[in-house]
1. Here is a list: Ala57, Ala33, Ala43. Which entry is over 30 Å from Arg80 (Cβ atoms) and within 11 Å of the chain's Cα centre (by Cα)?
2. Looking only at the stretch 45-85, count every residue that is modelled with pLDDT of 95 or more, open to solvent by less than 30 Å² (accessible area, probe 1.4 Å) and farther than 23 Å from Glu12 by Cβ and tell me the total.
3. Taking the stretch 1-48 only, how many residues are of a type in the set (A, V, I, L, M) and either in contact with a strand residue (DSSP E or B) (Cβ under 8 Å, 6 or more places away or on another chain) or more than 10 Å from the ligand (Cβ to nearest atom) (or both)?
4. Out of the residues in the stretch 1-13 that are over 30 Å from Arg80 (Cα atoms), at pLDDT 95 or above and assigned to a helix (DSSP H, G or I), which is most open to solvent (accessible area, probe 1.4 Å)?
5. Return the residues of the stretch 23-53 that are in contact (Cβ under 8 Å) with a residue 12 or more places away in the chain and of a type in the set (Ser, Thr, Tyr); say none if nothing qualifies.
6. Being part of a loop (DSSP other than H, G, I, E, B) and closer than 20 Å to Leu72 by Cα is the filter here; which residues of the stretch 23-46 pass it?
Amino acid sequence: MEWMERAECVREDPELFFPVGTTGPALRDLQEAKAVCRRCPVAQQCLDLALSSGQTAGIWGGTSESERAPLLRAARRRERYHARFR
Ligand code: SF4
């Protein structure tokens, strides 16, 4: 995927985008990762990929796991709905 070459996070430590826990250093990593995503020119493509591939872990497209959970549920509902009419 060509757009991945323009991802802002390619110059960052990948672990920053997979914080363990929700307090202390993990919260700091989460905020730092989201700041990187805000500068990213391909954040929408990243979020779309996370939703279409069901990514539940890590920061994708500027969203945390808890922020993405309802988006993933909605994406699955849409997928089931469209599957009924294929
Ligand atoms: S939006 Fe996605 S591709 Fe862009 S910096 Fe964040 S995690 Fe990386």
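1. Of Ala57, Ala33, Ala43, the one residue that is over 30 Å from Arg80 (Cβ atoms) and within 11 Å of the chain's Cα centre (by Cα) is Ala33.
2. Of the residues in that region, 2 qualify.
3. 6
4. Among residues in the stretch 1-13 that are over 30 Å from Arg80 (Cα atoms), at pLDDT 95 or above and assigned to a helix (DSSP H, G or I), the one most open to solvent (accessible area, probe 1.4 Å) is Glu5.
5. Within the stretch 23-53, just Ser52 meets the criteria.
6. Once the filter is applied, which keeps residues that are part of a loop (DSSP other than H, G, I, E, B) and closer than 20 Å to Leu72 by Cα, the stretch 23-46 yields only Val42.
The values are calculated or read from the model by the stated rules, or taken from the named source; none is laboratory data. Here the structure is a predicted model, which means the values were calculated and not measured. All Cβ positions, even for glycine, are placed from backbone atoms using ideal geometry, and neighbour counts span all protein chains on display. Please note that ligands, DNA and RNA were not included when accessible areas were found on the heavy atoms of the full protein model with its side chains. Shrake-Rupley method; radii C 1.70, N 1.55, O 1.52, S 1.80 Å.
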